[in-house]
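Visitor: One structure coming up, written as structure tokens, with questions to follow.
The values are calculated or read from the model by the stated rules, or taken from the named source; none is laboratory data. Note that the structure is a prediction, hence the values are computed from the model and not measured. With ideal geometry, Cβ positions are generated from the backbone for all residues, glycine too; neighbour counts draw on all protein chains shown. Quick note on the areas: whole protein, heavy atoms, side chains included, nothing else; ligands and nucleic acids left out. Shrake-Rupley method; radii C 1.70, N 1.55, O 1.52, S 1.80 Å.
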Amino acid sequence: MSERKKVTLRTLFQKVADGIPITMLTCYDYPTAYFQEQAGVDMILVGDSLGMTMLGYDSTLPVTMDDMIRHSQAVRRGSPNAWLIGDMPYMSYQPSTESAIRNAGRFMAEASCDAIKLEGGENVIERVHGIIGSGIPVMGHLGLTPQSVSALGGFRVQGKGALQAKKIVEDALLLEQAGVFGILFEMIPDRLCKLITEKVKSCFVISLGSGLGAHGQLLIYHDMFGLYPKFKPRMAKVFGEAGKVILEGLKSYVSEVEGGEFPQEENWFSMPDDEYEELLSLLD
Ligand code: KIV
């Protein structure tokens, strides 16, 4: 394990002050968290996107708190030092402020998260106040909010028109006033993201497919390594074709086992001759 220092809000705001972009990735499992820790990723989001990337659902809606806690615990074991954010799944905060506080608390108590994220602005502002009032740092999420994909009319860019863009700015300012430490903007136009980044003073802005004007960037891990078979969003850049490498390896395995090339002597364990002879006599 690396000798890395624990990332704190202080570290993150120092990066903002120094003009160094914050790095953020999604992560859902121990080995990937280990690699992200070694690479020095600042913030890790255990996103409810795990419903699609890890569990194979068509949306994030079926994901439960128990799913989120199990994956967050694994990620924390792999990355003790990144700023770890648990993503509040569908219906874990919408019903009431009490449910929001209880479920946010589970991420902190059961998975050693540093913060939680939830989707929405004005519509969830009471929940945000309640969670922050309980001493739990909150990240907001505006723009394309996948838990409302049905109401938004699909996975599409948000805030292209002035009226919708104004609502996003207003929601961002409300979240800032409520005390969030950061706001994630997913798929809003770059100019809108930059404008909001310039407006907010007490929180930082992270972009997912929303341009360079933010204080930091987020990518979905599976998109950056070609690991999600159903589609690759336009906003994602593939940094390595891990999916192709794995598929080639799997095909080789099938062909080597079927062709008798695997395993070889170095892949198994032998028994001394005398022990084997004795075994045969014991079995007689
Ligand atoms: O669940 C997730 O990974 C997210 C990102 C899409 C922002 O919320």
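Visitor: Using beta carbons and a limit of 9 Å, which pairs, at least six apart or on different chains, have the first residue in the range 98-119 and in contact (Cβ under 8 Å) with a residue 24 or more places away in the chain and more than 24 Å from Ala151 (Cβ to Cβ) and the second one open to solvent by 30 Å² or more (accessible area, probe 1.4 Å) and within 15 Å of the ligand (Cβ to nearest atom)?
Guide: Short answer, once both residue conditions are applied: Ala111/His71.
Visitor: If you don't mind, there's one more thing I want to ask. Count, please, the residues in the range 228-256 that happen to be within 25 Å of Ser207 (Cβ to Cβ) and in contact (Cβ under 8 Å) with a residue 12 or more places away in the chain.
Guide: Of the residues in the range 228-256, 13 are within 25 Å of Ser207 (Cβ to Cβ) and in contact (Cβ under 8 Å) with a residue 12 or more places away in the chain.
Visitor: Here's another thing I want to ask about it. Can you tell me which residue within the range 167-181, out of those that are free of Cβ contacts under 8 Å to residues at least 60 places away in the same chain and under 23 Å from the mean Cα position of the chain (by Cα), is surrounded by the fewest Cβ atoms within 10 Å (Cβ to Cβ)?
Guide: Here the residue is Gly179.
Visitor: Cβ-Cβ below 7 Å, separation at least six or inter-chain, first residue in the range 192-211 and under 22 Å from Thr11 (Cα atoms) and within 16 Å of the ligand (Cβ to nearest atom), second among the acidic types (Asp, Glu) and in a strand (DSSP E or B): which pairs?
Guide: That search, which allows pairs on different chains as well, returns Leu208/Glu186.
Visitor: Then there's this: Hey, could you check the range 135-166 for residues that are within 16 Å of the ligand (Cβ to nearest atom) and at positive phi and say which is surrounded by the fewest Cβ atoms within 10 Å (Cβ to Cβ)?
Guide: The residue in question is Gly154.
Visitor: Counting only residues that are in a loop (DSSP other than H, G, I, E, B) and among the small types (Gly, Ala, Ser), which one in the range 213-250 is surrounded by the most Cβ atoms within 10 Å (Cβ to Cβ)?
Guide: Ranking the candidates gives Ala214 first.
Visitor: Sticking with this one: Go through (1) away from the ligand (no atom under 13 Å from the Cβ); (2) part of a helix (DSSP H, G or I) and name the single condition Val180 misses.
Guide: (2)
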